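Trainee: Sharing a structure below in structure tokens format, with a few things to ask.
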Amino acid sequence: MIGFPLDELLSEDECYRYLKRSLHPEGLSCPNGHELPDDQAPHDRRRAPILDYRCRECGAVFNIFTGTVWSKTHYDCSTIVMLLRGFAKGMPTKWLTDEMGLAYPSVLKRRHRIQEAVQEGERVGLPGEALAGSLPDSNVEADEMYQNAGEKRGSAPGSG
């Protein structure tokens, strides 16, 4: 199969707005529950469009990923949207990582964290979050299931 880097064609700003709406439907607030005023300027713009804010009440620094399964991610917004799309469609992690040039162990770990979060009813950025019951369970996904396929096991009883 030929890889086609669709994530390079996605607008980072649009993906950011999608993730912000999906992860914070009631609006962005600090991790301690204080609302973000409409007129508040960002504290740090180095990763634009992912902006860091400092809470005026408690001083906590946060962004749209703070307190979510995407906390401390180094992925840009278009990459996250493409991963969520792949997870929702049940695409194998190996295929996604090869297609997007990402590290397999890192993405697989994130996928498992997302599956756990969905089971617990947390918001993870899936469209409408209505997919909670239909997100493919890849605790044993196809590319893991056949990981040891073809390996020889111990000899059969009585052969030897």
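The values are calculated or read from the model by the stated rules, or taken from the named source; none is laboratory data. Just so we're clear, the structure is a prediction, and the values are computed from it rather than from any experiment. Counting neighbours? That spans all protein chains shown, and the Cβs are built from the backbone with ideal geometry, glycine included.
Trainee: Could we say that Tyr53 is within 22 Å of Glu122 (Cα to Cα), surrounded by 15 or more Cβ atoms within 10 Å (Cβ to Cβ) and out of contact with any helix residue (DSSP H, G or I) (no Cβ under 6 Å at 6 or more places or on another chain) here?
Mentor: Spelling it out, it is not the case that Tyr53 is within 22 Å of Glu122 (Cα to Cα), surrounded by 15 or more Cβ atoms within 10 Å (Cβ to Cβ) and out of contact with any helix residue (DSSP H, G or I) (no Cβ under 6 Å at 6 or more places or on another chain).
Trainee: Output the number of the condition that Leu84 fails; it satisfies all remaining conditions of (1) outside any helix (DSSP H, G or I); (2) out of contact with any helix residue (DSSP H, G or I) (no Cβ under 7 Å at 6 or more places or on another chain); (3) among the hydrophobic types (A, V, I, L, M, F, W, C); (4) within 18 Å of Gln115 (Cβ to Cβ).
Mentor: (1)
Trainee: Taking interchain pairs and intrachain pairs at least six residues apart, which have beta carbon atoms under 9 angstrom, with the first residue in the stretch 25-40 and under 15 Å from Phe65 (Cβ atoms) and the second loosely packed, with under 14 Cβ neighbours inside 10 Å and of a type in the set (Asp, Glu)?
Mentor: If the second residue must be loosely packed, with under 14 Cβ neighbours inside 10 Å and of a type in the set (Asp, Glu), the pairs left are Cys30/Glu57.
Trainee: Starting from residues that are of a type in the set (Gly, Ala, Ser) and within 11 Å of the chain's Cα centre (by Cα), keep the ones in the stretch 56-87 and report whichever is surrounded by the most Cβ atoms within 10 Å (Cβ to Cβ).
Mentor: So in the stretch 56-87, the residues of a type in the set (Gly, Ala, Ser) come out as 59-60, 67, 71, 78, 86.
Keeping just the survivors that are within 11 Å of the chain's Cα centre (by Cα) gives 71, 78, 86.
Working: Ser71: 12, Ser78: 22, Gly86: 19.
Per the stated criteria, the residue is Ser78.
Trainee: Can I ask one more? Can you name the number of the only condition in (1) exposed (fewer than 12 other Cβ atoms within 10 Å of the Cβ); (2) assigned to a helix (DSSP H, G or I); (3) at pLDDT 90 or above that Glu14 fails?
Mentor: (1)
Trainee: OK, next. Output the number of residues of the stretch 89-112 satisfying the condition of being farther than 22 Å from Asp13 by Cβ, part of a helix (DSSP H, G or I) and of a type outside the set (Phe, Trp, Tyr).
Mentor: 15
Trainee: Kindly provide the set of residues from the stretch 37-72 that are part of a loop (DSSP other than H, G, I, E, B), among the charged types (D, E, K, R) and closer than 24 Å to Arg113 by Cβ, ordered by number.
Mentor: Lys72
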